[in-house]
1. Run lengths n ≥ 4 of DSSP H only: what is the helix-derived mean residue ellipticity at 222 nm for the chain, with -39500 (n - 2.57) per run over all residues, to the nearest 500?
2. With +1 on the Cβ of every Lys and Arg and -1 on the Cβ of every Asp and Glu, and nothing else charged, how large is the dipole of region 91-194 about its Cα centre, in debye rounded to the nearest 20?
3. Just to be sure I understand the model, the point goes 7 Å from the Cα along the line to the Cβ. What's the resulting residue 89 to residue 211 distance in nm?
4. For labels at residue 225 and residue 178 in the simple 7 Å Cα→Cβ model, what's the distance in nm?
5. All other residues with a Cβ under 11 Å from the Cβ of residue 107 taken together, and with Lys, Arg as +1 and Asp, Glu as -1, what is their net charge?
6. For the chain, list the DSSP H helices whose alpha carbon atoms reach 24 Å or more along the long axis and whose average Kyte-Doolittle value is -1.0 or above?
7. May I ask you to work out the translational diffusion coefficient for region 91-194 at 25 °C, viscosity 0.890 mPa s, via Stokes-Einstein with Rh from the Kirkwood sum over Cα pairs, reported in whole µm²/s?
8. Taking neighbour counts of Cβ atoms within 10 Å as a proxy for exposure, in what order, fewest first, do 51, 64 appear?
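Read-outs throughout are calculated quantities, based only on the coordinates presented, and are distinct from any laboratory measurement. These figures come from a predicted structure and were not determined experimentally. Every residue, glycine among them, receives a Cβ derived from its backbone with ideal geometry; neighbour counts consider all protein chains shown.
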Amino acid sequence: MIDLYYWTTPNGHKITIFLEETGLPYRIIPINIATGEQFSDQFLRICPNHKIPAIVDQAPGDGKEPLALFESGAILLYLAEKCAKFLPDDARKRSQVVQWLMWQMAGLGPMLGQNHHFSHYAPEPIPYAIDRYVKETDRLYGILDDLLADRQYVAGDYSIADMAIYPWIVPHRKQGQDLDDSPNLKRWYQQIAERPAVIRAYAKGEQVNSNPTVSEQSKAILFGQQRRR
């Protein structure tokens with residue numbers, strides 16, 4: 001059994017997609033980041049970074065005590081190795097999956113996150129910042145579109161790299177992007193959106209958080225974080 005500490009963000013959706021794809025037993029423990037539940041002492045013991053998602057594997061492969069893990073990319077790697085699914089054994093194919101997973105973690109997610117922030121949540125519009133991150137989003141979309149010109153999925157076969165990237169493309173309109181400008185990416189996006197496991201994963205999200213809005217109070221919680229003292 002996997003305990004998944006979760007909220008309905010792109011990083012949260014990555015893990016429910018994987019769990020639904022594999023059928024690994026799990027239970028969702030909602031962490032409402034808009035009300036500050038990520039700062040609880042209980043969650044701190046699992047995730048010192050105060051971010052979702054995090055997991056606790058109640059039955060790790062070594063047969064020892066439950067194993068806690070945070071950071072969505074690390075969780076995907078761990079679960080893929082645990083299940084021996086969606087991460088190839090072949091070294092060359094595996095390296096392709098891992099490098100695109102790291103690309104998402106280090107580039108796509110952070111840049112699109114800044115796009116969301118300055119375009120929708122900043123207390124006042126900063127034209128330079130909005131332009132900077134919308135253009136960077138367009139550049140990253142272009143990389144994916146070029147990559148997918150000669151392959152069905154990001155690393156060849158469907159993998160944890162696709163699961164990591166897809167949730168960040170879901171809010172493309174919010175990011176100022178039109179998928180008609182990226183036909184290969186659009187084809188990939190529609191193909192993944194139709195997967196039964198992806199549909200189930202997003203339905204689970206609807207059950208957890210049916211009204212994903214950000215208020216002025218939640219902005220202060222989400223964007224006003226400082227060092228714990």
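1. -15500 deg cm²/dmol
2. Details: 11 positive and 13 negative charges, 71 e Å.
Computed charge dipole of region 91-194: roughly 340 debye.
3. Placing both labels 7 Å beyond Cα along the Cβ direction yields 5.1 nm.
4. The modelled label-to-label distance comes out at 3.6 nm.
5. Details: positive: 139; negative: 136.
Neighbourhood net charge equals 0.
6. Working: long enough: 127-147 (30 Å, -0.50).
Length and hydropathy pass: 127-147.
7. Numbers: Rh = 14.1 Å.
Stokes-Einstein gives a translational diffusion coefficient of 174 µm²/s.
8. Numbers: 51 20, 64 8.
Placing the least packed residue first, the sequence is 64, 51.
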